[in-house]
Structure formats: C-alpha cells, structure tokens
Amino acid sequence: MNGLRTGPTVSIVGCVAYLLALVAPYLVVETTSAVGAYYGSGALSPVVPGLFALVGIIVFAAGREGRTDPGVAAGAGLMLGLFIVGLSVLWAVTVPESLVLGLTESTLIEQHRWAVVAASLPIPLGAVWFAAGLDLF
C-alpha cells in the first residue's frame, strides 16, 4: 500500500471517527445539559481536541493532495494527533466515575470515554505512516 495516500487517509478517517465519537452521547443521553456537564467535568473538555481533529482533516487532506508540502503536513499532523491522544487520555482519566454512571442506564456510555481515546489513536498512526512513506525517518 502506498503510504503517501493511505497514511493521510487513515488519519482523516481517524479524525472523522473521533468527531463522531464526540457526537455519540448526544444521541444516547436524553438531556444535552448532562452531556455538557460530562464533557466539562474532566481536566480539559474533549471539545478542544475535537477542534484539533477538524484542523487535522484539513492538514492531512492538503498534504495528501499536494496542496501543501507533504513533509510539513505529516509533521504537523503527527503533532496534532499526539495532542489529540494526550488530551483525550487526560480527559478520560479525570472524568469522575459517578458522573459517567449517572448519565444513563446504557452500558455503552460507561465505556464512551475509552472509545473516544481509541478513536483518537489512528490519527497519529496514520501520520507516522505518511511520514514513513515520505522517508522522513
């Protein structure tokens, strides 16, 4: 597989999956204010990495299509991906367990914060794949 096309595509799909994971509680929990409290209860809201994911889509697409220097896009995308993963982990470990369990009776929401972290992992992995395809290391 060509890392020059596949790597950034993996990262773009990871960014979209991350954004979908952030939207999921709004579809499961009946009151949106409870979701706002859930996202605001950790050390840093996952909305901040969500904004990074939106920027990441643009960076990876521009690098893949040659609209920006691919090496710069791979490096910037890797940094964005690492920030997204790190901030997501920080949020996931600092959300109070009582708040997570109080959102809904659904067991899916209990694992949501870890699903958000898992959704963030393809972003830097695709960036590394992109950089490897460019022979940057």
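Read-outs: derived from the displayed coordinates by stated rules, not from any lab. Worth saying up front: this structure is predicted, and the values here are computed from it rather than measured. Heads up, the Cβs are rebuilt from the backbone with ideal geometry, glycines too, and the neighbour counts pull from every protein chain shown.
Using the Cβ-Cβ distance between A37 and V93 with R0 = 22 Å, the FRET efficiency computed as 1/(1 + (r/R0)^6) comes to roughly 0.80. Descending by average beta-carbon neighbour count within 10 Å, the peptides 32-39, 118-125 line up as 118-125, 32-39, the highest first.
In plain terms, the chain from D69 to L121 could stretch by 16.4 nm, reckoned as 0.36 nm per residue minus the Cα-Cα distance.
Once both axes come from the Cα atoms, what is the angle between helix 70-94 and the longest principal axis of the chain, in degrees from 0 to 90, rounded to 10? Roughly 20 degrees between the two axes. With axes computed from alpha carbons, what is the tilt in degrees of helix 122-133 against the longest principal axis of the chain, rounded to the nearest 10 within 0 to 90? The helix 122-133 is inclined about 10 degrees to the chain. Under unit Cβ charges (Lys, Arg +1; Asp, Glu -1), what dipole magnitude, rounded to 20 debye, does the chain have relative to its Cα centre? It comes to approximately 300 debye. Averaging 1/r across all pairs of distinct Cα atoms in the chain and inverting the result yields a Kirkwood radius of 15.2 Å. Against the chain, whose longest principal axis is taken from its Cα atoms, helix 47-65 shows a tilt of about 20°.
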